[in-house]
Amino acid sequence: MQPDNDQLDVFLSDPTFRDWVRQGGMQQPDAPWSRWLQDNPAQQPTAEQARMILLAAHLPDETVAPEQTERFIEQVLAHTQGQQSRPLLNRVRWLTPAWLSVAAAMIVLTIGLGWLLNRSDPVRPVTYQALLNLVPASQETQNTTDKPMLVRLADGTTVLLQPNARLSYPPSFTAVNREVVLAGDAFFNVAHNSRQPFLVLANGMITKVLGTSFRIRANDADSIVTVEVKTGRVAVFAQADLNRARQSSGLSARSMLVTPNQQVIFLRQNEQMSQHLVAEPALLKSPEQNRDFSFTETPISQVFATLETAYGVDIVYDADALQRCSLTAPLGNEPLFDKLTIICRAIGGRYEVVGAQIVVQSDGCTD
């Protein structure tokens, strides 16, 4: 059953549908949208594609400004109506970060901040075709269109393939692990199964999950592969550890553990991996005691603790130097880095993103 582009427009432009996606979708069986879709099964493929587009673009997150959401929706609608020809999601800023090539260069210069597989000699990059020989007999889906394509696997996992991406997968998952091979750009929403881990092989890097959502960019022509986690946890490791990953339980293979708002950049030539924050960390959990991020004479240590919990990040600072600092400010729905800019101005400091951590430097505050 193919998605209906006209109905896709309706789903994407409806704020109540976007709220339903943000709040968990079908995990709320009594929600109006959940009941409607249960009563209208013919619309479920289109609704699922709309949900995946929103998840992949991070727009369900409450930190995204309303005008940014509307601008993205306008682009989606224009594309589905045939008014634009470029790939849809490639126009969203988080999908095309200009800093990516700079980050790759910085890994080479500051590899001590990342994680290294102790390979100094160049290796021949693993290609999609070579990986096909390592997985069970599979079928292939290739997106030859100019817009995202939704693929549903036998276990309930859904994959949003970007234009030119290819995915090889078995008709059913009967092996110990669920294994697929990817070439290109895709967003995965993996059905949870703790007894049967899900492995994505892509250009020399392997991503192992039990059930979560994440994005992989693995183009044969690129020198790097990236994994960005939306929900849950993933373990990322090099092709050399494939057997160990297959045999280990859970996510215990020698790997780098990646959590929401983090990404891994993998250099194919030397099999080096480095962990970073994503360009725009999303709000993961609204603070129970301070949902609007409004602070009044709040100790700075408490402010940082609130942000760490809400965004799943690690903020490093000198607690002794900042023990007299407090904050009075309504931070509201600003993105995390805008919040940090306001905080640093208040305490006379600055922040830097170092790997997957945020480092705040300040001489402290006077009475």
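Values quoted throughout were computed directly from the atomic coordinates according to the rules given, and no laboratory measurement underlies them. If you're wondering where the values come from, they're calculated on a predicted model, not measured in any experiment. In this analysis, Cβ positions are derived from the backbone assuming ideal geometry, glycine residues included, and neighbour counts consider all displayed protein chains.
When restricted to residues that are surrounded by fewer than 18 Cβ atoms within 10 Å (Cβ to Cβ) and aromatic (F, W, Y), the range 313-340 contains 1.
Counting the residues of the range 305-329 that are within 18 Å of G349 (Cα to Cα), hydrophobic (A, V, I, L, M, F, W, C) and in a loop (DSSP other than H, G, I, E, B) gives 4.
Filtering the range 309-364 to residues that are within 28 Å of Q263 (Cα to Cα) and of a type in the set (V, I, T) leaves T309, V313, I315, V316, T341, I342, I343, V353, V354, I358, V359, V360.
Matching residues to (1) buried (at least 22 other Cβ atoms within 10 Å of the Cβ); (2) under 13 Å from the mean Cα position of the chain (by Cα); (3) touching a residue at least 12 places away in the same chain (Cβ under 8 Å):
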| site | (1), (2), (3) |
| --- | --- |
| A175 | no, no, yes |
| E179 | yes, no, yes |
| V200 | yes, no, yes |
| T231 | no, yes, yes |
| A238 | yes, no, yes |
| N243 | no, no, no |
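What do you reckon, is G349 small (G, A, S), surrounded by 20 or more Cβ atoms within 10 Å (Cβ to Cβ) and more than 30 Å from A238 (Cβ to Cβ)? Answer is yes for this residue. Among the residues making up the range 271-290, those that are within 18 Å of L257 (Cα to Cα) and under 16 Å from the mean Cα position of the chain (by Cα) are S274, Q275, H276, L277, V278, P281, L284.
Any idea which of I343, I358, I265 is surrounded by 15 or more Cβ atoms within 10 Å (Cβ to Cβ), more than 27 Å from V209 (Cβ to Cβ) and either under 18 Å from the mean Cα position of the chain (by Cα) or aliphatic (A, V, I, L, M) (or both)?
On the way: I358 fails: more than 27 Å from V209 (Cβ to Cβ); I265 fails: more than 27 Å from V209 (Cβ to Cβ).
Exactly one of I343, I358, I265 is surrounded by 15 or more Cβ atoms within 10 Å (Cβ to Cβ), more than 27 Å from V209 (Cβ to Cβ) and either under 18 Å from the mean Cα position of the chain (by Cα) or aliphatic (A, V, I, L, M) (or both), namely I343.
Number of residues in the range 267-304 that are of a type in the set (F, W, Y) and assigned to a loop (DSSP other than H, G, I, E, B): the value is 1. Determine, yes or no, whether G332 is touching a helix residue (DSSP H, G or I) at 6+ places or on another chain (Cβ under 8 Å) and at positive phi. No: the conditions fail for G332. Of all residues in the range 330-361, those satisfying the criterion of being in a helix (DSSP H, G or I), in contact (Cβ under 8 Å) with a residue 24 or more places away in the chain and hydrophobic (A, V, I, L, M, F, W, C) are L336, F337, L340, I343, I347. For the range 256-299, which residues satisfy the criterion of being over 22 Å from T341 (Cβ atoms), among the aliphatic types (A, V, I, L, M) and out of contact with any Ser or Thr (no Cβ under 8 Å at 6 or more places or on another chain)? The answer is M256, L257, V258, M273.
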